[in-house]
Structures are given as structure tokens and as C-alpha cells.
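Computed from the coordinates by the stated procedures, all read-outs in this text should not be read as laboratory data. On a predicted model such as this, the values are computed, not experimentally measured, just so you know. Ideal geometry is used to build each Cβ from the backbone, glycine not excepted, and the neighbour counts take in all protein chains shown.
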Amino acid sequence: MSTEVQQDQFAATHLPFEAAGLKFHNPCVVGSGPTVKTVGMIRQIDEAGWGAACLKLSFDPEPYISREPRYKWWKKEKLHSFTAEKRITVDEALRLADFARKNTKTTKWFSNITYCGDKGIDGWVNMAKRFEGAGIHGNELNMCCPNMSFNKQATDHYVNQRTGASMCECTDTVADIVREVRKGTKVPLCVKISPEWGNLGALSVACFEAGADFVASVGNRLGVPPIDIENPEQGPYDLQKEPSISCLSGPWLKPLALKDTYAISSAVAANKLEEKLKRRCYIVGYGGMATWQDYVQMNLMGADMIGVCTETMLRGYAYLAQELTRMKKWMAEKEEKGNG
Ligand SMILES: Cc1cc2nc3c(=O)[nH]c(=O)nc-3n(C[C@H](O)[C@H](O)[C@H](O)COP(=O)(O)O)c2cc1C
């Protein structure tokens, strides 16, 4: 990008927001996923002016589940589905964190981590400390991915190791991890949780009480994408020759995702949590966020920050300037009319 274009992009995306001691250029976050996993992507996210971004999930120990991507975009349904993809190693993620801190100016960078070894909570704390040491602005604990052990649980299979969305079945376990990571690290802490167990409200209250600064609602759901009834045994993915339960995201998800955010914000309000904890409880709302009108709707449901993944897979990163310019114009018009 030329310096001139970059300056325009910077100004267009300027909508300052402060949370947990971090000054964000705007409240828009590129969610952990396939669009935050290389040095080139990190540069582009920063140049496009995103307020924050979460690095692609890394596991300790590795490798855990990491396969060639099996993605499909269903244009008519505005639905993205996937069953497998390549994760990055902890060392790769640490190198990305280091690169991001040294080479970017605008975006705030978060890790996205899962500990799945035999050291229990200490393993989580150790991972979070390593990312803090690499200069990350904040840590995000991944308690949300439905494509790890949860897809087996969802079809009644026994799992001996719970990761991702499976973690959310037990509020106390999540809270214990959050409490110890909070004690062991200083950088802001986000917990990204799954709606799959129907306990988003209680779970987010427990996370905030245990010391989380942010709770992010992942939005996505497990489901079965459309089946070709003339050829039902051929699944939607070239690498997978059968229909299968998939992780679903994108615009079709928005009504559910709005409800998820409302479940969290109303639980925070009902428990008078911010008065009790004497601090703000920040919510990041994910799920089908494509346009600035979606951002406003998510904000009306209680989200302080807006998380986006699928739309960045479809449109890249620079489109944020267009969405925020339109949103700021709308806000200014409302302000002028006296109903801002
Ligand atoms: C292909 C793909 C990979 C993802 N990987 C991660 C991940 O590694 N860690 C994570 O916390 N969320 C991950 N997500 C979830 C997204 O960050 C986001 O929460 C979710 O997709 C809903 O938002 P969206 O509709 O804007 O995609 C992934 C989503 C997709 C589509």
C-alpha cells in the first residue's frame, strides 16, 4: 500500500476505543482463524487498520489435530462450513507474535491458545506466559472450537481428552483455568466460549469473576451442511468422501450470534457484575458480521467489540474502511438529528 492510501485507510478506520488498559484504533477484531496465520496477513491486517486480531490457534503439545483445509462456501445460503484445517505450532505462533509487535503500528495482537497435555492448569498458565513473553498485547483462551473433541461428543462418542468447545461443559474447570492464567500473567485476558452447551450466561459470569477482561462469544455452531441428494455419499469437501458434521459460520449465523451476545450481556447485567467487580466486563461478539449494520446490531445486543472471521476470508481486510466510513456517517447524521 502507498503511504497516501495507508493514511486514508488509517483515518477511515479511526474509531478509538479503550478497554482493559489497551487503546484500540477501533473495536473491530479479526478473529482467530485462517486469515491470521502468516507474516503477510499480519502486515495486511495492520495496514487495513483493524483494531485487534487474534493469531490462529496453537496447541501445546503439538501436533494435535492438523489436516489440509476442508472448507466450503455456500453462496446461496451465505454459509461457510469446514471440518478440518491446518493449525500452527506454538513456535510458529510465538514467532508471529514477535513479528507483529516489531513490525506493526495499529493493530493490537492476541494469542489464541489451547493446552491439551498432561500438566493440566499449569500447562495453560505456561503457554499464556510464553505468549506474554513474546510481547502479545493480550491472551485469548480457546474454549470454543467445535472441531476438536466436541464434534465427537455431539454424536455420542466417548472422549478422553476435552478441548475447545468441550471445555464449556464444565463451568468450574473453565473458571479454574481462567483464575490461574489471570494470576500468572499481567496482559489482558480474553476467554472465547462456545454456545453449544446452552450455558453462555453462567459461563461468562464465571469467567469475568475469575479475572477475564473480555469474554468472546465464538458464534459458530456444529451442523450438517446441505447434502447433494442425487449423490449423498459424496460430501461437500474434496478430501472427505462423505457428508459430515461441520463447523458453520458466516452471515446465516447472525440471528443466533446476536442471541449469544444478548445471553452474555444480560447475565452480566442481571448479576450486577460490573458494580460487584468494580470494572468493566467487555464482550466481543462474533458470528456472521458482514456489514456495518451488523456491527450496530451486535452492539445493541451488548457487544463492546465486533469479531469477524468468515467475511475476511471472502473479502480480505481493506473493506473495513468502507464499512466504518459508512457507520461513522450514519452516527454523525443521528447525532445531528439529536438521536445519537
Ligand atoms: C475456517 C475457520 C477457522 C477458525 N479457526 C479458529 C481458531 O483457530 N480459533 C478460534 O478461536 N476461532 C476460530 N474460528 C472461529 C472464528 O474466529 C469466529 O468466531 C466464527 O467463525 C464466527 O464468526 P464468523 O461468522 O465471522 O466467521 C474459525 C472459523 C473458521 C471459519
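If you plug each phi of the range 124-129 into the Karplus form 6.51 cos²θ - 1.76 cosθ + 1.60 with θ = phi - 60°, what whole-Hz ³J(HN,Hα) values come out, in order, with x for Gly and Pro?
4, 5, 4, 4, 4, 5
Given the pairs Lys37/Lys75; Lys272/Lys329; Lys75/Lys254; Lys72/Lys241; Lys192/Lys329, which are separated by over 23 angstrom at their Cα positions?
Those over the limit are Lys37/Lys75; Lys272/Lys329; Lys192/Lys329.
For Glu333 and Trp74, what does the FRET efficiency come to when R0 = 30 Å and r is the distance between their Cβ atoms, rounded to the nearest 0.05?
On the way: r = 35 Å, r/R0 = 1.18.
Between Glu333 and Trp74 the formula returns 0.25.
Which pairs in the list Lys23/Lys183; Lys56/Lys183; Lys108/Lys337; Lys56/Lys119; Lys76/Lys108 are over 29 Å apart, alpha-carbon to alpha-carbon?
Lys108/Lys337; Lys76/Lys108
Counting pairwise Cα distances across the range 18-176, what percent come out greater than 27 angstrom?
Result: 27 percent of Cα pairs exceed 27 Å.
Bin width 20 Å, origin at 0, all Cα-Cα pairs of the chain: what percent of pairs per bin?
32, 60, 8
Convex hull over the Cα atoms of the range 74-157, averaged projected area in nm²?
Mean shadow area of the hull around the Cα atoms is 8.1 nm².
With contacts defined as alpha carbon pairs under 8 Å and 6 or more residues apart, what's the relative contact order of the chain in percent?
Reported relative contact order: 17 percent.
Note down the relative contact order for the range 102-229 as a percent, whole number, built from C-alpha pairs under 8 angstrom at least six residues apart.
Taking the mean separation of contacting Cα pairs over the length of the range 102-229, I get 24 percent.
Pairs of alpha-carbon atoms within less than 8 angstrom and 6+ residues apart define the contacts here; what relative contact order does the range 41-162 have, in percent?
Reported relative contact order: 28 percent.
Which of Tyr295, Tyr319 comes first, and how do the rest follow, when ranked by fewest Cβ neighbours within 10 Å?
Details: Tyr295 22, Tyr319 15.
In increasing order of surrounding Cβ atoms, one gets Tyr319, Tyr295.
Hey, how many Å between the Cα centroid of the range 215-239 and the Cα centroid of the range 244-305?
24
How big is the Rg/Rh ratio for the range 1-97, C-alpha atoms only, Rh by Kirkwood, two decimals? Write down the numbers at each step before the final one.
Values: Rg = 16.1 Å, Rh = 15.5 Å.
Reported Rg/Rh, Kirkwood definition of Rh: 1.04.
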